[in-house]
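Here's the structure, in structure tokens; my notes come after.
The values are calculated or read from the model by the stated rules, or taken from the named source; none is laboratory data. What you are looking at is a predicted structure, and each value in this text was computed from that prediction instead of being measured. Cβ placement follows ideal geometry from the backbone for every residue including glycine, while neighbour counts extend to all protein chains displayed. Side chains are part of the model used for accessible areas, which takes the heavy atoms of the whole protein and leaves out ligands, DNA and RNA. Shrake-Rupley method; radii C 1.70, N 1.55, O 1.52, S 1.80 Å.
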Amino acid sequence: MDVQTLLSLLFEPGFFTSEPVRTAAVIGAAAAIVSGVVGVFTVIRGQSFAGHSLADVSSAGGSAAFLFGINPLLGFLGMGVLAAMSMELVRADRASERDLVTGVVTGAGLGVAALFLYLDMTTSSTTGAAVTVMFGSIFAIPASLVPLALLVGAGALLAIGVLYRPLLLSSLDPDLAAVRGVPVRLMGLLFLIVVALAVALSAITVGAILSTGLLIGPAAIALHLAKRPGLAILLAAVIGVAVTWGGILVSYDSYEWTGGRGWPVSFCIVMLIFVAYAVVAQTGPARERRQEHPLPSGEKPHVTSAG
Amino acid sequence: MARGEVLAVRQASVSLSGRSILKDIDFSLEAGEFCGLIGANGSGKTTLLRTILGFIAPSSGSVTIDSGGKLASVGYVPQKFALDPYMPMRARDLVALGLDGNRLGVPLPSPGRRRKVDEMLESVDATRFADQRIGNLSGGQQQRVLIAHALIRRPRLLLLDEPLANLDMRSVAGVVALLRRLSQEFQTSVLLSAHDMNPLLSAMDRIVYLAHGRAASGSTDAVVRTEVLSQLYGYHIDVVRVHGRVIVVAAEAEDDAQAAVAHDPVHVAQVP
Amino acid sequence: MFEDFMVNTWIAATLVAVVAGIVGFFVVIRGASFAAHALPLSAFPGAAAANLVGVNPLLGLLVFSGLGVAGISQLARRGRRDLATALSLVMLLGLGALFLSRTTEYFQAVYALLFGEVLGVSNADLGPVALLGAVSVALIVILFRPLLLSSVSPELGEARGVSARLMEALFLSVVALATAMALPVVGALLVFSLMVGPASAARALTNRPLSAMLLSGAISVVTVWAAIALSFISDWPVGLFVGGLSALTYGAGRSWAWAGERGL
Ligand SMILES: Nc1ncnc2c1ncn2[C@@H]1O[C@H](COP(=O)(O)OP(=O)(O)OP(=O)(O)O)[C@@H](O)[C@H]1O
Ligand SMILES: [Mg+2]
């Protein structure tokens, strides 16, 4: 079998020349890179729930945008940032309490989403809104959205670059960061707004499911493989792009295998992420039951002295 | 295991994530004995206690506990317990869970159960804050509640991981005396880890001294000696006794040995 | 709003509220909000799948929430729980996208499953709701003590012979059951509001675990009744009011605790 036949087996005819495929590949890669970079911090900070919720809640903004006829991206972004700010409003020191606040805000945000969707349906009878918002399709991105989306993505990356060191320190140990003069709560708020931007961007381009998948999956895999944060970020972006392109390819090819119905691209990408994570996680050492040994921050060196 | 022994650790070695943490640990504990498990930070105290509890399997050797026919015969007070201030639970609820926390069904009010809990709270001097929320208690108060939780079933063996670490000097003496008294009262063997042996000197029947993954055990006088500890550390160590306190010092060591000891601040002392 | 066609609504909603409030107590003290959010959400594609295959949607919901439980517990064995939850969730939603791509007339049903359809509860719907609800509550009552101990400290539980992993798996299964029962009534996205809001207020009001659990059930019932009444009056979706009232309840609980600390 020569290379030519192998390639034509791998890539169904028309893959490289299709316009939707090209737009999807570019936008998907952009979403994957931004999500991967922001995702590493999200995972380190233990905020995957918030990262997921912001995508859900920002889609409430999407349904509001349908209703008022404004640019959907603005609706997504506005609602996402609003939700991020509400989540940081309540002081919560413990991770479990923070998740609880996240949950309560999500419930309220989704209630608002229900209202807008209901109003969408009664005013315009477009019942598809819930599904479009929830599942979005990477092959149906309007080209007009592309420049604005890329701009928001670049903004999120820039913000991470600027905040990098204090953010990393306050993610690893808030007390230590506070002692070093890092405004920890402000850092938390700024970071969550960046997460909101990143997930709103990917929710509107690739759908809410993929937005969570691309935020958490590649970052979790990268953090399993790399020990240094910088390397993990690079790796997460690369893995994100790889699964996105791989998923687009599988989805495109699947039209051939399944006799024209095909598998949705979000399903293909998510499947690749899930399999990759499961494999990587299995190779790691089995976690001892609750055997976490963080730095004993409270214990001071003890010097015995005579007398 | 020999008669009268409650715990026998035989040639036990433990590896975590492929790293060898403990090598050929060998000691035993008799009924009612009070034993200090002494070692610097990272010497493997927590690992050894968790191995005895069965949370970690030894890679070789064995750990045997004589349960005396009881099912849950080991009480345990972990090193770190971050009790949630939002948890709706009083001190007495946690102690009651020590009694029957593994039973199914909701707890129905029972005078016998209540009396046992009250007595136990009284024994550890925790009656004053018995009805307060556990998450709002001070570290020392939580410690007492956890000791009550562990002891209410009258276990044959009580394991405590660094119970003295967060206490002031007065409370340290108080908790040691309390544990000593409870161990005699209930005929419970106590294995207590600490990085400083001094507060325990008068209470200990036996010491297990951990360094570099190995252990020396025996009576305090037999173990805390220049020859024994020098062999354990692998370089010369001086044991100095001043004013009834024991100080372990690395004397005139080579550079790397000096550095190793300097990492264990417990053993660094400025003797005037 | 107490007309004949509303009777089933009141009954079903009350059952769901009691169960969600009681299960929610453990959701809150275990800090399992993410799992409680993810399980309903990942269960709902099960209804789509059942529709496709032509079996009872409830069966689909049960199977998918079971898959969710298995995914979370299995992945959490070797990694962090929140990551396991997130990845199981996206995987099941991905399957949902696959099934939805196979059916075309499902949009209305998706809306109902996501946001609830409290006004259309039939007599036939009540049976499974009552049955699954009774099983969930019975499991919580049976597991109460070991689950409580393991929630305070998994390590203390282990030392007492209570396996933390077993407790986690059983607890997630109860959440999954409660989810499957509640989903057709209040919808995937809002079962979860009922699991976190009322319980978070209840834990601030009492120091006793059992009282807190019962109180949580009561607050949850009041929340749902108020939400249905408001929805009936305003003609807006129930979900809006359940979500909003749960957030208010959480705020009230925190303020109460705050005031208590300052001796007010
Ligand atoms: N899961 C693990 N994987 C690899 N190494 C581990 C693991 N847990 C602990 N260790 C290592 O084992 C050694 C002993 O740890 P352990 O917690 O038992 O010490 P310790 O004596 O209790 O210390 P401390 O006084 O700080 O509590 C340390 O060097 C630690 O880094
Ligand atoms: Mg330790």
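Summary table below
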read-out: B:Leu16 being touching a Gly at 6+ places or on another chain (Cβ under 6 Å), farther than 27 Å from B:Gln143 by Cα and within 16 Å of ligand 2 (Cβ to nearest atom); value: no
read-out: Test set (1) closer than 27 Å to B:Leu53 by Cβ; (2) modelled with pLDDT of 80 or more; (3) surrounded by 15 or more Cβ atoms within 10 Å (Cβ to Cβ) - B:Arg245 fails condition number; value: (1)
read-out: Some residue of the stretch B:180-189 being modelled with pLDDT under 85 and on the phi < 0 side of the Ramachandran plot; value: yes
read-out: Single match in B:Leu22, B:Leu48, B:Leu29 (criterion: within 16 Å of ligand 1 (Cβ to nearest atom), under 14 Å from the mean Cα position of the chain (by Cα) and of a type outside the set (Ser, Thr, Tyr)); value: B:Leu48
read-out: Qualifying residue in the stretch B:94-107 (condition: within 13 Å of ligand 2 (Cβ to nearest atom), more than 7 Å from every other protein chain (Cβ to nearest Cβ) and β-branched (Val, Ile, Thr)); value: no
read-out: Test: residue in the stretch A:114-124 that is of a type in the set (Ser, Thr, Tyr), touching a residue at least 12 places away in the same chain (Cβ under 8 Å), surrounded by fewer than 18 Cβ atoms within 10 Å (Cβ to Cβ) and more than 7 Å from chain C (Cβ to nearest Cβ); value: yes
read-out: Residue match in the stretch B:121-130 (condition: open to solvent by less than 10 Å² (accessible area, probe 1.4 Å) and touching a strand residue (DSSP E or B) at 6+ places or on another chain (Cβ under 6 Å)); value: no
read-out: Of residues in the stretch C:89-145 being within 14 Å of chain A (Cβ to nearest Cβ) and at pLDDT 85 or above, the one surrounded by the fewest Cβ atoms within 10 Å (Cβ to Cβ); value: C:Leu95
read-out: Residue in the stretch B:51-68 that is nearest to ligand 2 (Cβ to nearest atom), counting only those that are closer than 12 Å to B:Ile21 by Cα and more than 17 Å from the chain's Cα centre (by Cα); value: B:Pro58
read-out: Flag if C:Pro198 is in contact with an Asp or Glu (Cβ under 7 Å, 6 or more places away or on another chain), closer than 19 Å to B:Tyr86 by Cα, surrounded by 24 or more Cβ atoms within 10 Å (Cβ to Cβ) and in contact (Cβ under 8 Å) with a residue 12 or more places away in the chain; value: no
read-out: Filter result for B:Glu254 (at pLDDT 55 or above, more than 25 Å from the chain's Cα centre (by Cα) and more than 10 Å from chain A (Cβ to nearest Cβ)); value: no
read-out: Candidates C:Val222, C:Val174, C:Val191, filtered to the one that is open to solvent by less than 10 Å² (accessible area, probe 1.4 Å), part of a helix (DSSP H, G or I) and away from chain A (no Cβ under 13 Å); value: C:Val174
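Residue-by-condition table, conditions (1) open to solvent by 40 Å² or more (accessible area, probe 1.4 Å); (2) of a type in the set (S, T, N, Q); (3) within 16 Å of ligand 1 (Cβ to nearest atom):
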{"residue": "B:Val74", "(1), (2), (3)": "no, no, no"}
{"residue": "B:Gln79", "(1), (2), (3)": "yes, yes, yes"}
{"residue": "B:Asp84", "(1), (2), (3)": "no, no, no"}
{"residue": "B:Met89", "(1), (2), (3)": "no, no, no"}
{"residue": "B:Asp93", "(1), (2), (3)": "no, no, no"}
{"residue": "B:Leu99", "(1), (2), (3)": "no, no, no"}
{"residue": "B:Asn102", "(1), (2), (3)": "yes, yes, no"}
{"residue": "B:Pro107", "(1), (2), (3)": "no, no, no"}
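Results for (1) facing another protein chain (nearest Cβ under 10 Å); (2) assigned to a helix (DSSP H, G or I), shown as yes or no for each residue.
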position	(1), (2)
A:Gly51	yes, yes
A:Leu54	no, yes
A:Ser58	no, yes
A:Ile70	no, no
A:Leu73	no, yes
A:Phe76	no, yes
A:Val81	no, yes
A:Ser86	yes, yes
